[in-house]
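Everything on this sheet refers to the single structure shown next.
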Amino acid sequence: MSLPLSQLQQLIGDLSASQSQESDLLLMQLDEADAHRLRLCAIPHAFDADVLRALDPALSAEETERSLEEFQRLPAVMELADCFALHDVVRQQLFAQWLSPERREEFSAASARLLDLYRPQPDDSAVEAASKQSNRLFHLLGADFERGFAEFQSVYQARRDRGRFSDCEALIRLLREYESVLGSRERGWLAYYRAEVADDNRNGAQALEYLDAVLKQDVPDDLRARALLRSASVLRRLGRFDQARASCAEALRRGAAAHLVHHESGLIARDNNEFELARAELERAIELSKAASNRRDLVIAYNSLGTLLLKPAPAEAARLFHECLALLDPEQDSLRIAQVLNNLGMANAEIREWPASAEFFKRSLEIKRAARDLYGEASTLLNVSRVHRAEDKWDEAKSALITSVKLFEDVHDATRSGQALRELARLTNDKGTRAEAQLYASQAIESFRRAGREADAEAVQREFRVGKAPRSKWWRWGLWSLATLFFVLIVALILIGLLVEE
Amino acid sequence: MTPFLQQRLARFVDREAEMRSFCSMIEKDDWPRPIMLVWGEGGMGKSSLLMRMIHECSLREFGKAEVFWTDTRNHDYVAVMRKIRDDIGANSFGEFTNLINFFTVPQHRLEVVVGTNAPVAVGTGAELGAGAQVGTMAGIVVQPGAIVIKDLMLNDPRSDLAISESDRMARLTDQFVQELNAAARKRKVVIFLDAVEKATEQTQRWVWGELMGALRDGRLMNACFVIGGRNQPAIDERWRSLVEEKQLGPLKLEHIVEYLARRGVDPGDAARGAVAEAILAYTDGNPFKVASAVEAMARRQEQKAGT
């Protein structure tokens, strides 16, 4: 047998009983010291000279360089732009070994040494600071799990509050690397966070799976209450109203904030077309939010009730939106202010207070223009055009619609540009020429087709008889009928006269 | 390129079909499929193949950008655009950078100029009459590209702007695509996205919906994408005509024989076949395992030669 073949067979034999052949094969190629250093390099997600020296403080600069050169030769070590990383398969095997009880002490000590490397510096950009924070959090979990988990929860919530949902998903992936050593309380929270992320990603079914997993575990009451309330919200959006209601009731029993439960109950009733119940629940939510002095939740409750009452009781809706506006802070709540102003515009349009409606839409437009929110601007202009129409300001209505169309096209929303073009067609059909109306109708059809909205395109085609001869106006038919009848009458009278003479 | 990377490239085997498709994609102006998806389980050599492709782009002096996700380098859509911008040349993306600053820097106004990278001339060629006095000279003549707008590298959206996250995303992407398209008109751009399965779902949706959407809708020309991932992507029917999918499979015996030679492991003519077959049996042709096994053999050989 040749030497290489016997060497290979010996190698394979040595690894045959291993559950982690890839990492074992890798470590076999190094001397003991380097093998241990490479094993340490599996604790962080990437490494360089600084990381290696933090992991093994006894290393000199020359030894560090030498070790790194040795590692670079290995197929399992990948060179990134500014550091190295172990191949995923190898790192996962080694990291799992680090979480075993016999290695925990050494692992914690190594993780603690890494913390200093990721301490934020004053001249770090926000991007660098965020990256360091994630790394630091990961190693804090390794160094001191309880402290690390508390900080994880705080950082996760802070990122959620700033609307950085993608970051939240990334943080959860880091926590999941420690899943094998999580206690039941932490598992419960992990499942809850995964549910939140699934919900952020509009995956209601998956969110419910995770929430069910939380509820099946022995978790503290506050977490159970949160999971129940979140379940209610997801179930509502999936149209499962009875289950949503049951979840709300259970959430209340478990100590969830009453104003939040009543708010969610109001939304369930609203979505289930139970107007009176929705109104009662949302009114209760407002009372309780005031009692709890919770500004943010009170704003949401006012807006929800106002939106519910927009058509049936627009004057009342307008009052609620005014209350909402009074609570909002221009420094923090610009988006919400623009939305409420838009709602006030619609409420005033419903009660035919056209000047007030136009004024609110104008204020909403100013905010959206300042924010370079083209889509928001386009939507508001659509509403503005309706007000102008009601005030018989045809040129202003047309101008608003034309701008709206252009903006929707700039943001590549063919559906909405189709809707705006349809309104233009209707406007010019009443106040312009048929040719102009036909032109806009054709453009609306083309826009809807681009958006894949064939039914809408056909509806426009039918409404404006695009491609067909114009229908005669009804009064022409009436005149013709009368003229014919008159002629028949005259002929009949003449004939009767002739008969009588005979 | 480091010597170790050069060495790895030199040892690269197989994947001729994938490289041929890639070269067609980047060379032919009328190539109908500007998106290449390379996928396969861990160890199948996706990153190595992408490295090979990146090298091809360098040889042809194409514009290229590389975005690689890791567990702690979790690029969101803004970070992806920033990375592509910086790889291709930030000077081509002034408006985009300005817009990011507008959306993230409190009280930022779009007309802020932060720095220059070329001389600015004031009153060049002006002639003054006898006894004339100059108070203030206005009207600066600036060469194209002289104004440089620096990204302040903030992440959090401003709270005083009334724009939703989805609209902010759409605006930024739109501006970015416009300037990327302008840059691609000057020279072909190839964008590499590796380990995309590590990106968050929101980012993955953005990649397909917004970034690739621009390619599909004809708003981005003369640009190609190579996407590496572990999982077979679920490709919408609308994308089929634009995408070339390459699933990486295991190496065959002849590739292992070739790899042995390139790695400098010579079992001799008599044993070569048997060694390669033993490696194939042990590794199932998984390129990473093959490389690791051969490396281990090579080191043992070197150690024995040394003693």
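The values are calculated or read from the model by the stated rules, or taken from the named source; none is laboratory data. Note that the structure is a prediction, hence the values are computed from the model and not measured. Glycine gets a Cβ as well: all are built from the backbone with ideal geometry, and neighbour counts include every protein chain shown. Quick note on the areas: whole protein, heavy atoms, side chains included, nothing else; ligands and nucleic acids left out. Shrake-Rupley method; radii C 1.70, N 1.55, O 1.52, S 1.80 Å.
Points worth noting:
- Flag if residue A:107 is under 33 Å from the mean Cα position of the chain (by Cα) and aromatic (Phe, Trp, Tyr): no
- Any chance residue A:67 is of a type in the set (Ser, Thr, Tyr), touching an Asp or Glu at 6+ places or on another chain (Cβ under 9 Å) and either modelled with pLDDT under 95 or over 15 Å from residue B:291 (Cα atoms) (or both): yes
- As for the stretch B:185-204, it holds at least one residue that is part of a loop (DSSP other than H, G, I, E, B), under 19 Å from residue B:74 (Cα atoms), at the interface with another protein chain (Cβ under 7 Å from one of its Cβ atoms) and of a type outside the set (Phe, Trp, Tyr).
- Restricting the stretch B:275-290 to residues that are of a type in the set (Gly, Ala, Ser), surrounded by 13 or more Cβ atoms within 10 Å (Cβ to Cβ) and within 14 Å of residue A:12 (Cα to Cα), the residue that is nearest to the other protein chains (Cβ to nearest Cβ): B:278
- Residue ranges of helices (runs of 4 or more DSSP H) in the stretch A:1-66 with at least 3 members within 12 Å of chain B (Cβ to nearest Cβ) and open to solvent by less than 30 Å² (accessible area, probe 1.4 Å): A:3-15, A:21-28
- Within the stretch B:71-97, residues that are within 30 Å of residue A:178 (Cβ to Cβ) and aliphatic (A, V, I, L, M) have Cβ atoms under 8 Å from residues that are open to solvent by less than 20 Å² (accessible area, probe 1.4 Å) and in a helix (DSSP H, G or I) in these pairs: B:78/B:100; B:78/B:172; B:80/B:203; B:80/B:206; B:80/B:207; B:80/B:211, counting only partners at least 6 apart in sequence or on another chain.
- Checking each residue in the stretch B:164-180 for being open to solvent by 20 Å² or more (accessible area, probe 1.4 Å), touching a residue at least 40 places away in the same chain (Cβ under 8 Å) and within 14 Å of chain A (Cβ to nearest Cβ) picks out B:169, B:170, B:171, B:175, B:178.
- Some residue of the stretch A:434-445 being within 33 Å of the chain's Cα centre (by Cα) and either open to solvent by less than 60 Å² (accessible area, probe 1.4 Å) or farther than 30 Å from residue A:376 by Cβ (or both): yes
- For the stretch B:4-25, the condition of being away from chain A (no Cβ under 14 Å), modelled with pLDDT under 90 and open to solvent by less than 20 Å² (accessible area, probe 1.4 Å) holds for at least one residue.
- Filter pass, residue B:247 being more than 10 Å from every other protein chain (Cβ to nearest Cβ), open to solvent by 70 Å² or more (accessible area, probe 1.4 Å) and at pLDDT 90 or above: yes
- Test: residue A:352 is more than 25 Å from the chain's Cα centre (by Cα), modelled with pLDDT of 95 or more and either closer than 30 Å to residue A:162 by Cα or not in a helix (DSSP H, G or I) (or both): no
- Single residue of B:202, B:303, B:232 found to be more than 22 Å from residue B:23 (Cβ to Cβ) and open to solvent by less than 50 Å² (accessible area, probe 1.4 Å): B:202
- Counted residues, the stretch A:67-83 - those being within 10 Å of chain B (Cβ to nearest Cβ) and in contact (Cβ under 8 Å) with a residue 40 or more places away in the chain: 2
- For residue B:80, the stated conditions hold: it is closer than 21 Å to residue B:178 by Cα and either buried (at least 21 other Cβ atoms within 10 Å of the Cβ) or within 11 Å of chain A (Cβ to nearest Cβ) (or both).
- Of the criteria (1) touching a Phe, Trp or Tyr at 6+ places or on another chain (Cβ under 6 Å); (2) in a loop (DSSP other than H, G, I, E, B), which one residue B:52 fails: (2)
- The listed residue being among the hydrophobic types (A, V, I, L, M, F, W, C) and under 26 Å from residue A:381 (Cβ atoms), out of A:347, A:301: A:347
- Only one of the numbered conditions (1) more than 14 Å from every other protein chain (Cβ to nearest Cβ); (2) of a type in the set (Ser, Thr, Tyr); (3) buried (at least 20 other Cβ atoms within 10 Å of the Cβ) is not met by residue B:241, and that is (3).
- Out of A:106, A:186, A:169, sole residue that is surrounded by fewer than 19 Cβ atoms within 10 Å (Cβ to Cβ) and in a helix (DSSP H, G or I): A:106
Each row is one residue, and each column tells you yes or no for (1) surrounded by fewer than 19 Cβ atoms within 10 Å (Cβ to Cβ); (2) touching a helix residue (DSSP H, G or I) at 6+ places or on another chain (Cβ under 6 Å); (3) within 22 Å of residue A:363 (Cβ to Cβ).
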{"site": "A:291", "(1), (2), (3)": "yes, no, no"}
{"site": "A:302", "(1), (2), (3)": "no, yes, yes"}
{"site": "A:306", "(1), (2), (3)": "no, yes, yes"}
{"site": "A:320", "(1), (2), (3)": "no, yes, yes"}
{"site": "A:323", "(1), (2), (3)": "yes, yes, yes"}
{"site": "A:326", "(1), (2), (3)": "yes, no, yes"}
{"site": "A:332", "(1), (2), (3)": "yes, no, yes"}
{"site": "A:336", "(1), (2), (3)": "no, no, yes"}
{"site": "A:340", "(1), (2), (3)": "no, yes, yes"}
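Quick grid of which residues meet (1) of a type in the set (A, V, I, L, M, F, W, C); (2) on the phi > 0 side of the Ramachandran plot:
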| residue | (1), (2) |
| --- | --- |
| A:255 | no, yes |
| A:279 | no, no |
| A:284 | no, no |
| A:292 | yes, no |
| A:317 | yes, no |
| A:322 | no, no |
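- Hits in the stretch A:115-152 - residues which are open to solvent by 50 Å² or more (accessible area, probe 1.4 Å) and basic (Lys, Arg): A:119, A:147
- Of all residues in the stretch A:119-144 being away from chain B (no Cβ under 13 Å) and in a loop (DSSP other than H, G, I, E, B), the one that is nearest to residue B:150 (Cα to Cα): A:122
- Scanning the stretch B:260-274 for residues that are in a helix (DSSP H, G or I), within 25 Å of residue A:71 (Cβ to Cβ) and more than 9 Å from every other protein chain (Cβ to nearest Cβ) turns up B:261, B:262, B:263.
- Just one of (1) without any contact (Cβ under 8 Å) to a residue 12 or more places away in the chain; (2) open to solvent by less than 30 Å² (accessible area, probe 1.4 Å); (3) among the polar types (S, T, N, Q) fails for residue A:399. It is (2).
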